[in-house]
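The structure follows.
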Amino acid sequence: MDKNLDDIMTQFVDYLLPELTPYQTTMYLLLLRKSLLENGSREIRIGKRTLADFYGKGSRGEKTNYAHISKQLKGLEQNGCISIGDTTQDGTLYIIKFPNEIPIVMKKITSKEEPKIVEDFFTDPEKRRLIFERDKWICYYCGEKVTLDNATLDHLHPQHLGGTHLKENLKTSCLTCNSIKSGMTYEEAAAFILKSIQERRARKNQ
Ligand SMILES: [Zn+2]
């Protein structure tokens, strides 16, 4: 099956089928069969009688009444599945819409594909500040006070390992702790940070 037809069928079954009545479904597939699959065109001019003959096939010779046929076509037009054009002596013109052109389907596809908004608390200065405030301007690693001049944001889970700019992954950090931790995980960096804290305290107490 070619890719295009594959998509049409998938979208038809997943999104359009649940919206149509069984009669509308039959009619839509019939029109698709007579247009796209038969002529490679989405337009078809066909008389009600011919349509009724095909539509009625398999229903044990039961006569399909035209009012019923018209009702299904109208329903499909209201759903945006087809456009109904002019009528000549050769029949009525129908333009069949692909599932991804039908409003109810389009709505479902977009809501499914809507990209998740990833909040970036790292790049935007205003949002960086929110993290500093959340952490009360205290380095997450050594507990020292930081100011706007030396406050940095550390990626708890390092960026090169897939760490995000989400606020859960950002910690207020002093310059010293951040430069020690740099690309390491907290577990890897813990011993180095601890050593640095001890050295800093020793210096202070000298
Ligand atoms: Zn620190």
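For the range 134-156, what are the residues that are among the charged types (D, E, K, R), more than 9 Å from the ligand (Cβ to nearest atom) and within 19 Å of Arg201 (Cα to Cα)?
Result: Lys145, single match.
Another question about this same structure. Looking for something touching a residue at least 40 places away in the same chain (Cβ under 8 Å), away from the ligand (no atom under 16 Å from the Cβ) and of a type in the set (Val, Ile, Thr) - is there at least one such residue anywhere in the range 120-133?
The answer is yes; a qualifying residue exists.
Test Ile197 against the stated conditions and say whether it is out of contact with any His (no Cβ under 8 Å at 6 or more places or on another chain), of a type in the set (Val, Ile, Thr), within 15 Å of the ligand (Cβ to nearest atom) and in contact (Cβ under 8 Å) with a residue 40 or more places away in the chain. Talk me through it step by step, then tell me what you get.
Details: out of contact with any His (no Cβ under 8 Å at 6 or more places or on another chain): yes; of a type in the set (Val, Ile, Thr): yes; within 15 Å of the ligand (Cβ to nearest atom): yes; in contact (Cβ under 8 Å) with a residue 40 or more places away in the chain: yes.
Judged against the criteria, Ile197 is a match.
Any idea which residue in the range 157-183 is nearest to the chain's Cα centre (by Cα), counting only those that are of a type in the set (D, E, K, R) and within 13 Å of the ligand (Cβ to nearest atom)?
Top of the filtered list is Lys171.
Given the conditions (1) part of a helix (DSSP H, G or I); (2) loosely packed, with under 13 Cβ neighbours inside 10 Å; (3) modelled with pLDDT under 90, which single one is not true for Ile109?
(2)
Right, next: Can you find a residue that is outside the structural domain of Lys74 (by TED's automatic domain parsing), of a type in the set (D, E, K, R), surrounded by 10 or more Cβ atoms within 10 Å (Cβ to Cβ) and part of a loop (DSSP other than H, G, I, E, B) anywhere in the range 166-185?
No, the range 166-185 has no match at all.
With at pLDDT 90 or above and touching a helix residue (DSSP H, G or I) at 6+ places or on another chain (Cβ under 7 Å) as the only criterion, which of Gln72, Gln78 stands out? First the steps, then the outcome.
On the way: Gln78 fails: touching a helix residue (DSSP H, G or I) at 6+ places or on another chain (Cβ under 7 Å).
So the residue among Gln72, Gln78 that is at pLDDT 90 or above and touching a helix residue (DSSP H, G or I) at 6+ places or on another chain (Cβ under 7 Å) is Gln72.
The values are calculated or read from the model by the stated rules, or taken from the named source; none is laboratory data. Model, not experiment: these values are computed from the prediction. Neighbour counts are summed over all protein chains in view; Cβ atoms, including those assigned to glycine, are modelled from backbone coordinates with ideal geometry.
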